[in-house]
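The structure appears below as structure tokens.
The values are calculated or read from the model by the stated rules, or taken from the named source; none is laboratory data. It should be emphasised that the depicted structure is a prediction, and the values quoted were computed from it without experimental measurement. Ideal geometry is used to build each Cβ from the backbone, glycine not excepted, and the neighbour counts take in all protein chains shown. For accessibility, only protein heavy atoms count, side chains too; no ligands or nucleic acids. Shrake-Rupley method; radii C 1.70, N 1.55, O 1.52, S 1.80 Å.
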Amino acid sequence: MTRHIYIIVMLMIAALLTGCGNEDEFVIHCEIKGLGDKGVEMVYFNRGLQRVAFHPNDGKVTLRGSSAELTPVEVFTLDNRLLFTCVAKNGEELEVKLDPSKSGEIKMKGNEASEQYARFLNENAVKLAKTRDVAAINALISEEVKAHPDRISSALILMTLYRAPGYEMQADSLIHTLAPEARPSALLKSFSALVGEQVSTSARGDVRAMTFHTGRDTVSGRDTIVRFMPSFQSYGLLVFTGERKSDTITNRLKELVKDYHKRRLAVMELSLQPDSSTWRYTIRPDSAKWSQAWVPGGNAASQIRNLSIPATPFFLVTDSMGKQIYRGRSIAAAVDTLRTRLKRYEKTDSAEVTADSVSQRPVPVEQEKLTLDTTRRPQRGLKPGAPLKARK
């Protein structure tokens, strides 16, 4: 009898431990609408990046991982489409329900940070869906972080949703807005490193003179060398492009080079594409009147490595001393910066208009009055009104 009671007690304890989760792992029970039997991959960090594949049954799957510290967990389809993000650590058991076809349609249970994160996605689904409005999305996230600096969910929102390229200074400020307990090292380590690289003295330092050897030109058959010299003009615009370049960028550059003299503005477009043949094909329809070059090695090339170009397209505006005036991903912001500073140097139909320009310019009204004075002194020996005699 005693033995039967012992066995029953042990079975109850085992069932209790199974229900509460194992202290050596975390468990995530998922119910994903429309997933069917398609495989998923869970990615998290535990002494290195961990990738584990799972096979759902009718959209339901139980994910298991191990991390003693709180870690971000991302779940993808096998074709690399992100399904959801949460945080977890050993001993925790989460429940996740979502409909990938509907933005913000997600519910999480199991820990406070993941629940608050899912709630933020639900409440701001419409705003977050406007992916092109980077400034608005970043402003929304900034507001959330500043309102709740003591929440781990704020760190997760910042890490996963904030568009840092071009907004690195603001991102760095938001990281330090978070309370120390709200930003575990495992959670923000990679994001902090990326932002820190972009706000470093090296990345934001002066732009030096650069020379690019672009290889043999297919038209002339000669090697092409282009140079960027900040001191040769008032301002410079460096445009870093990748495999895709929108027509908006090309049109904006055409307007700039048309409106300003070369000694006022130099524009150089640098392609970070993997090979030169693709680059030559993509620039063929540009009809560019600005310098274009291909950079072997991409953003790791020796000429631009110190600038830490994070993504493409990317824009740098420099003055004649090489100081960076604008650094970011917005062509509109770069052009506005230049037009504000070059406003008085804009070309007219005939010449550049500027107070200190040595080029031809309209004569001031006061000077015109003095120059065109029609009053004449009579020549010596002649009476006023007398006709002039022709010289022999």
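Brief remarks follow.
- Considering only residues in segment 1-28 that are under 15 Å from ALA88 (Cα atoms), open to solvent by 30 Å² or more (accessible area, probe 1.4 Å) and not acidic (Asp, Glu), the one that is modelled with the lowest pLDDT turns out to be CYS20.
- Within segment 29-85, being surrounded by 15 or more Cβ atoms within 10 Å (Cβ to Cβ) and in contact (Cβ under 8 Å) with a residue 60 or more places away in the chain holds for HIS29, CYS30, GLU31, ILE32, LEU35, PHE45, SER67, LEU70, THR71, PRO72, THR85.
- Residue match in segment 217-227 (condition: crowded, with 16+ Cβ neighbours inside 10 Å, under 22 Å from the mean Cα position of the chain (by Cα) and of a type in the set (A, V, I, L, M, F, W, C)): no
- Unique match (being under 20 Å from LEU70 (Cα atoms), among the hydroxyl-bearing types (Ser, Thr, Tyr) and open to solvent by 20 Å² or more (accessible area, probe 1.4 Å)) among SER153, SER190: SER190
- Restricted to helices (runs of 4 or more DSSP H) entirely inside segment 119-211, those with at least 2 residues that are within 17 Å of GLY104 (Cα to Cα) and not polar (S, T, N, Q) are 125-129, 134-147, 152-161.
- Scan segment 247-278 for residues that are more than 23 Å from VAL317 (Cβ to Cβ) and touching a strand residue (DSSP E or B) at 6+ places or on another chain (Cβ under 6 Å) and the total you get is 1.
- Answer from TYR167, TYR117 - the residue that is of a type in the set (Ser, Thr, Tyr), touching a Ser or Thr at 6+ places or on another chain (Cβ under 7 Å) and surrounded by 15 or more Cβ atoms within 10 Å (Cβ to Cβ): TYR117
- Candidates TRP279, TRP290, filtered to the one that is without any contact (Cβ under 8 Å) to a residue 60 or more places away in the chain, touching an Asp or Glu at 6+ places or on another chain (Cβ under 7 Å) and not acidic (Asp, Glu): TRP290
- GLY166 falls short on exactly one of the conditions (1) in contact with a strand residue (DSSP E or B) (Cβ under 6 Å, 6 or more places away or on another chain); (2) more than 26 Å from SER246 (Cα to Cα), and that condition is (2).
- Verdict on VAL145 being within 20 Å of VAL195 (Cα to Cα), buried (at least 21 other Cβ atoms within 10 Å of the Cβ) and touching a Leu at 6+ places or on another chain (Cβ under 9 Å): yes
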